[in-house]
Amino acid sequence: MQINASTRMLTLVIFIIYSVLLLGVGFYYRQKSKKETSGDFSKNFFSGGRAMGPLVVGMMLGASVCSSGTFIGGPATGTKEGLVWTVCIYASVFMNFVILGIAGKKIGIIARRTNAVSYVSLLKNRYNDNKGVTILGALAIIGFLIPYCSSQLVGGARLIETMIGIPYLWGLGIFALIILIYTIFGGIKGVSVSTVIQGFIMTFATLLLIFGVVSYIRNDSGSMAAAWQKLAASDHKMIMSPKQWSIPVMFSYIWLVGITYVGLPHAVQGALTYKDTKSLHGAILVGVVFVTFWQGIMTFMGPAARLMNIVPEVADQTTPVIAMTVLPPWLAGVIIAGAVGAIQSTIAAMLIVISSSAVNDIYSNYVRPEAGPDQMKKMTQIITTLVLLAIFLFSIKPPAFLQMLINFAVGGMETIFFGPMLLGLFWKRANEQGALSGMIVGAVCYYLFSYPLKAMISGMQPVLPASLIALAVMAAVSLATPKPPKGVIMTWFGRKYPKEGRAN
């Protein structure tokens, strides 16, 4: 659809105001960080000094996962798959229970015992400082999060391209620059405050969108029921049918977006930041409420677009086109700001995770163990900039469906990390040999089920068979090899533990 000049101008003004606000947050925390001692840098930059409250932790976790997949890729896929997609993706509302409720308390305790500031540093300690686990884990995070971040950046650039009318590459550059500034300057604290702002904008935008859509459909078709009946008559696939997807296929999506989220490093990062148990419990409630609201409405937007006969030339433009169809220009601009907020919060959280993996887990452990706080700070800024540049280059030629890239990246990380984190937290017998074997086998199986053996899994997400095989291999190898050292068991499962939290 054509967007007139006044609409583009209003959208641009809203986008500029929103961006200036985020940049202000970044500069504020840059000034604040100058007052901290240099030795506090890693702890404050990557884990926020473990002093964050329930609203920040819950919102950071929810907004970091409900990103372009929720606001851009999900609705786009929904225009093709219909309500069955909506039902499967809705499983992600349980992620806060999985990450914070099941694993979060123990992760927070262990992180304090071991002074861990990253996902991989937790695994490194749990698996006896095993070099293979550490390096493979860090490389997997970098390798999968770069395309994942790329999917987010693509979504943001397409929004800007659609709504403001600037070229796609310019949109990529603007988006990347804003994120880089407030992430490097603010660290996890700046990202967390920005995420709270973004979360409320996302909520307001989602509320506006559903009211606009329902009103439009009722005016056009008389009632929602009449609209669904009309759609069912023209395209029965849009209405959920047991024959549309098999039960294993549906369960594989639920496994991907709900059950195995503890295998996502950028999601678990929130568990490293909470202040106390009260904050943790509050964060679970905050996250569940907001994620349920965002996912429940935005996953409906794909089928809703078909109800309104909206089929954009580029599927990932579904959300902005709906907004421009059902709302006045300035409100449509708020919708775009909400989607932009979802995307930026996710990329920023991922940049923190990638930087922590590259700097803390590889550089400080194996390249320059003697590096001081100032060197670590400088290297963090360099790595973050280089990673964002790589993401930018990766995003120049995006896939037709954004959700495909998101699913691939998420599934890859979950396959590699689900077993080592889950069994590491709750099974004393899990050891370094088992973890490394499971990670390697999981990565190989994920590749095989994604490409050469794709036909064997009959449409399922490859993460389901690959992660189950990886779990089985990890358990078998752990049982066949020596038990973990006593120091590891005491640190992870005992009331009394080595003061330094080392895995000896």
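The values are calculated or read from the model by the stated rules, or taken from the named source; none is laboratory data. As the structure is a prediction and not an experimental result, all values here were calculated from the model. Positions of Cβ are generated from backbone atoms using ideal geometry, with glycine treated the same way; all protein chains shown enter the neighbour counts.
Name the one entry in G82, G73 that is closer than 13 Å to T318 by Cβ and not hydroxyl-bearing (S, T, Y). Don't jump to the end; show me each part of the working.
On the way: G82 fails: closer than 13 Å to T318 by Cβ.
Just one listed residue meets the conditions, G73.
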Exercise. Regarding S478, is this residue of a type in the set (S, T, Y), farther than 15 Å from K124 by Cα and touching a Phe, Trp or Tyr at 6+ places or on another chain (Cβ under 6 Å)?
Worked result: no
Exercise. Could we say that A443 is surrounded by fewer than 21 Cβ atoms within 10 Å (Cβ to Cβ) and modelled with pLDDT of 90 or more here?
Worked result: yes
For this session: With respect to I135, determine if the residue is more than 21 Å from G411 (Cα to Cα) and of a type in the set (V, I, T).
Result: no
For this session: Could you tell me which numbered condition G270 fails, if it satisfies all but one of (1) out of contact with any strand residue (DSSP E or B) (no Cβ under 9 Å at 6 or more places or on another chain); (2) at pLDDT below 85?
Result: (1)
Problem set entry | Residues satisfying the stated conditions in the stretch 312-365, i.e. of a type in the set (F, W, Y) and over 25 Å from L388 (Cα atoms) | W330
Exercise. Can you tell me which of L453, L471 is out of contact with any strand residue (DSSP E or B) (no Cβ under 9 Å at 6 or more places or on another chain) and more than 24 Å from S121 (Cα to Cα)?
Worked result: L453
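Listed here are the residues, each with its yes/no results for (1) closer than 30 Å to L123 by Cβ; (2) at pLDDT 85 or above.
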| residue | (1), (2) |
| --- | --- |
| V289 | no, yes |
| T292 | no, yes |
| G338 | no, no |
| S364 | yes, yes |
| K377 | yes, no |
| L386 | yes, yes |
| P399 | no, no |
For this session: Could you tell me whether any residue of the stretch 162-177 is in a helix (DSSP H, G or I), surrounded by 19 or more Cβ atoms within 10 Å (Cβ to Cβ) and at pLDDT 90 or above?
Result: no
Exercise. Looking at (1) within 29 Å of the chain's Cα centre (by Cα); (2) farther than 22 Å from F94 by Cβ, can you tell me which one A227 breaks?
Worked result: (1)
For this session: Name every residue in the stretch 134-146 that is surrounded by fewer than 24 Cβ atoms within 10 Å (Cβ to Cβ) and either touching a Pro at 6+ places or on another chain (Cβ under 6 Å) or among the aliphatic types (A, V, I, L, M) (or both), in order of residue number.
Result: I135, L136, L139, A140, I142, I146
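So, in the stretch 343-378, of the ones that are small (G, A, S) and more than 22 Å from D129 (Cα to Cα), which residue ends up surrounded by the fewest Cβ atoms within 10 Å (Cβ to Cβ)?
Residue satisfying both the conditions and the ranking: A349.
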Exercise. If we keep just the residues of the stretch 124-133 that are on the phi < 0 side of the Ramachandran plot and of a type outside the set (V, I, T), which is surrounded by the most Cβ atoms within 10 Å (Cβ to Cβ)?
Worked result: R126
Exercise. On the given criteria, is A226 assigned to a helix (DSSP H, G or I) and modelled with pLDDT under 90?
Worked result: no
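Every residue, every condition in (1) surrounded by 18 or more Cβ atoms within 10 Å (Cβ to Cβ); (2) farther than 26 Å from G82 by Cβ, yes or no:
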{"site": "L207", "(1), (2)": "no, no"}
{"site": "G270", "(1), (2)": "yes, yes"}
{"site": "L280", "(1), (2)": "yes, yes"}
{"site": "F293", "(1), (2)": "yes, no"}
Exercise. Quick one: which of L256, L231 is within 30 Å of L100 (Cβ to Cβ) and modelled with pLDDT of 80 or more?
Worked result: L256
Exercise. Consider F94 against the criteria (1) of a type outside the set (A, V, I, L, M); (2) over 18 Å from the mean Cα position of the chain (by Cα); (3) closer than 21 Å to F426 by Cβ: it satisfies all of them except one. Which criterion is unmet?
Worked result: (2)
Problem set entry | Considering residues of the stretch 64-123 that are in a helix (DSSP H, G or I) and touching a Pro at 6+ places or on another chain (Cβ under 7 Å) only, the residue surrounded by the fewest Cβ atoms within 10 Å (Cβ to Cβ) | L83
Exercise. Are any residues in the stretch 87-112 β-branched (V, I, T) and at pLDDT 85 or above, and if so, which ones?
Worked result: I107, I109, I110
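From the list F417, F426, exactly one residue is under 18 Å from W255 (Cβ atoms) and out of contact with any His (no Cβ under 8 Å at 6 or more places or on another chain). Which is it?
F417
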